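Structure first, commentary second.
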Amino acid sequence: MFKQQFNTRVFFFRHFKTRNSYKIKATYSNISCAASKSVVVDGKSYIGDEYTNVTPKILSFIGINNHNRKDHPLNLFKQRLVDFFYDHFRGRTGNPIFSIYDKISPVVTTNENFDSLLVPKDHPSRNKTDSYYLNKTHMLRAHCTAHQSELIKMGLDNFVIFGDVYRRDEIDATHYPVFHQADGVHIFTPNELELIHGSNVNIFDNDKNNSNNEKQEVYSIEANDIVTNHLKKTLVAMIKKVFGEEIEYRWISEYFPFTHPSFELEINYNGQWIEALGCGVIRHEILKNAGAGNRIGWAFGLGLERLAMPFYSIPDIRLFWSKDSGFLNQFQNLPKDGRMKYKPISIYPQCINDISFWLPKEKPFCPNDFYELVGNYGGQLVEQVKLIDQFTHPKTGNVSHCYRIVYRHLEKTLSQAEVNEVHKLIETNATQILGIKLR
């Protein structure tokens, strides 16, 4: 949710093919699901079309659910957030009022992922170059906020959703096409606002022209201020509960299609400012469409890896997918409030190979297509892919790109021969699939 997806950049293999479908967790031999084929997810088949761009490699991540795996660092970090909301928000009987959802399928409709959240039709996050589509109407969620309207329609007022999300992006130590998010919602009735404020509160503003950068026109200044202050107070308390009372923080005004006003919370961790989360007052139109038009509420979204990496001193996002016992055993049997600093098993050297090629003239070229192809054929060996040079021929107008691919195995030293073999595979398939011409 929030800035990781809604900025100008917009975003955070092999396969066994049967006659008419792709099955998850098999052996792989093809990079993409053809439009004439169907894509099978959790036993349900989705007919492919011109939008289908999800790869077998990406499909293989569905169902792993690192956020629910016992003793996994993402599960441990998630539990800290769950404990905060259970302890911080209790009803009159003493029971937690927030509900937790962490097993919802990542397959959503495009309406749920975009339209229900007022994402503009021409927003770049809808492009095939930025999101993973099963077909024109279904996709892998790009954020857990995709479930927000559905849960509100079910009558839920207070909840946090945890899950894996999927975005086409560059490859480096902090970016991976699959990561995990927490998205929370808190909706208030007039009586609840009154309890917070200590007196009667009018949620709505009769002056429909009273809209500005600080609030939505439909809400009163008083209600907007109460909810905004409650939102900020809650999220600061959450961050302090996780990182400690002395953590330095700052608020920055932002823009998101589904909240207004909107903010980012940044924290200063080890001398570096880190974007911790995005949040804001939920757009009234979203609540109205979900059957809660007589209320006001706030929402937030954060990336689990983004915060778990500094929290546990984990240097590379790929480590969260490691099956190496040297990594996973470090997180076993930690006490509920225990915290440890990840100790690298060992540091293996990088191998760096560059690839230069002319872009095709016959069809458009998107860097995300190349990043994904490198990930498909280089897998976990690829630590980073970066565009380091581009050149336009003064006479022909041909455009050339040069990418630097950094290879490093998490568990052993790679030989240059091993790297060259993988690099050659990437060159061959980039030529055949993307239509590039090697230089």
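The values are calculated or read from the model by the stated rules, or taken from the named source; none is laboratory data. Since the structure is predicted, the reported quantities are computational estimates derived from the model, not experimental observations. With ideal geometry, Cβ positions are generated from the backbone for all residues, glycine too; neighbour counts draw on all protein chains shown. Side chains are part of the model used for accessible areas, which takes the heavy atoms of the whole protein and leaves out ligands, DNA and RNA. Shrake-Rupley method; radii C 1.70, N 1.55, O 1.52, S 1.80 Å.
Against the list (1) open to solvent by less than 10 Å² (accessible area, probe 1.4 Å); (2) out of contact with any strand residue (DSSP E or B) (no Cβ under 6 Å at 6 or more places or on another chain); (3) at pLDDT 95 or above; (4) closer than 30 Å to Asp324 by Cβ, the condition His15 fails is (3). Considering only residues in the stretch 410-430 that are aliphatic (A, V, I, L, M) and over 22 Å from Trp321 (Cβ atoms), the one that is least open to solvent (accessible area, probe 1.4 Å) turns out to be Ala430. The residues of the stretch 162-185 that are in a strand (DSSP E or B) and open to solvent by 10 Å² or more (accessible area, probe 1.4 Å), listed by number, are Ile171, Asp172, His175. For the stretch 156-205, the set of residues classified as over 29 Å from Arg404 (Cβ atoms), under 23 Å from the mean Cα position of the chain (by Cα) and of a type in the set (Val, Ile, Thr) consists of Val160, Ile161, Val185, listed by residue number. Anything in the stretch 372-400 that is open to solvent by less than 50 Å² (accessible area, probe 1.4 Å), within 23 Å of Ser322 (Cβ to Cβ) and part of a strand (DSSP E or B)? List them, or say none. If the condition is that a residue be open to solvent by less than 50 Å² (accessible area, probe 1.4 Å), within 23 Å of Ser322 (Cβ to Cβ) and part of a strand (DSSP E or B), then Val382, Glu383, Val385 are the ones that fit. Is there a residue being open to solvent by 10 Å² or more (accessible area, probe 1.4 Å) and either under 19 Å from Met340 (Cα atoms) or at pLDDT below 95 (or both) anywhere in the stretch 232-240? There is at least one residue in the stretch 232-240 that is open to solvent by 10 Å² or more (accessible area, probe 1.4 Å) and either under 19 Å from Met340 (Cα atoms) or at pLDDT below 95 (or both). Residue selection: His175 fails the criterion of being at pLDDT 95 or above and not assigned by the TED database to the domain that holds Tyr403. You will find that of Tyr101, Tyr22, Tyr51, the residue that is modelled with pLDDT under 90 and either under 27 Å from Arg306 (Cα atoms) or not assigned by the TED database to the domain that holds Ile152 (or both) is Tyr22 and no other.
Yes/no matrix, rows are residues, columns are (1) open to solvent by 20 Å² or more (accessible area, probe 1.4 Å); (2) in contact with a helix residue (DSSP H, G or I) (Cβ under 8 Å, 6 or more places away or on another chain); (3) under 17 Å from Val165 (Cα atoms):
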site: Glu50; (1), (2), (3): yes, no, no
site: Val54; (1), (2), (3): no, no, yes
site: Lys57; (1), (2), (3): yes, yes, yes
site: Asn65; (1), (2), (3): yes, no, yes
site: Lys78; (1), (2), (3): no, yes, yes
site: Phe84; (1), (2), (3): no, yes, no
site: Arg92; (1), (2), (3): yes, no, no
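Listed residues Ile171, Ile161; which is closer than 30 Å to Asp369 by Cα and touching a Cys at 6+ places or on another chain (Cβ under 8 Å)? Unique residue meeting the criteria: Ile161.
Against the criterion of being at pLDDT below 90 and under 23 Å from the mean Cα position of the chain (by Cα), Gln332 does not qualify. For the stretch 197-226, the tally of residues that are loosely packed, with under 14 Cβ neighbours inside 10 Å and within 23 Å of Arg92 (Cβ to Cβ) stands at 3.
For the stretch 318-329, a residue qualifies if it is open to solvent by 10 Å² or more (accessible area, probe 1.4 Å) and either among the charged types (D, E, K, R) or at pLDDT 90 or above (or both), and the qualifying residues are Leu319, Trp321, Lys323, Asp324.
Residues in the stretch 340-369 that are modelled with pLDDT under 95, among the hydrophobic types (A, V, I, L, M, F, W, C) and either within 19 Å of Asp324 (Cα to Cα) or touching a Phe, Trp or Tyr at 6+ places or on another chain (Cβ under 8 Å) (or both): Met340, Ile345, Ile347, Cys351, Ile352. Hey, among the residues in the stretch 275-315 that are open to solvent by 30 Å² or more (accessible area, probe 1.4 Å) and farther than 20 Å from Thr189 by Cα, which one's nearest to the chain's Cα centre (by Cα)? In this case the residue turns out to be Arg306. Pro257 passes every criterion in (1) open to solvent by less than 20 Å² (accessible area, probe 1.4 Å); (2) under 24 Å from the mean Cα position of the chain (by Cα); (3) within 24 Å of His88 (Cβ to Cβ) apart from (3). Glu112 meets all of the listed conditions (1) crowded, with 17+ Cβ neighbours inside 10 Å; (2) in a loop (DSSP other than H, G, I, E, B) but one, namely (2). Highlighted here are the helices (runs of 4 or more DSSP H) found entirely within the stretch 242-347 that include at least 1 residues which are aromatic (Phe, Trp, Tyr): 304-312, 325-328.
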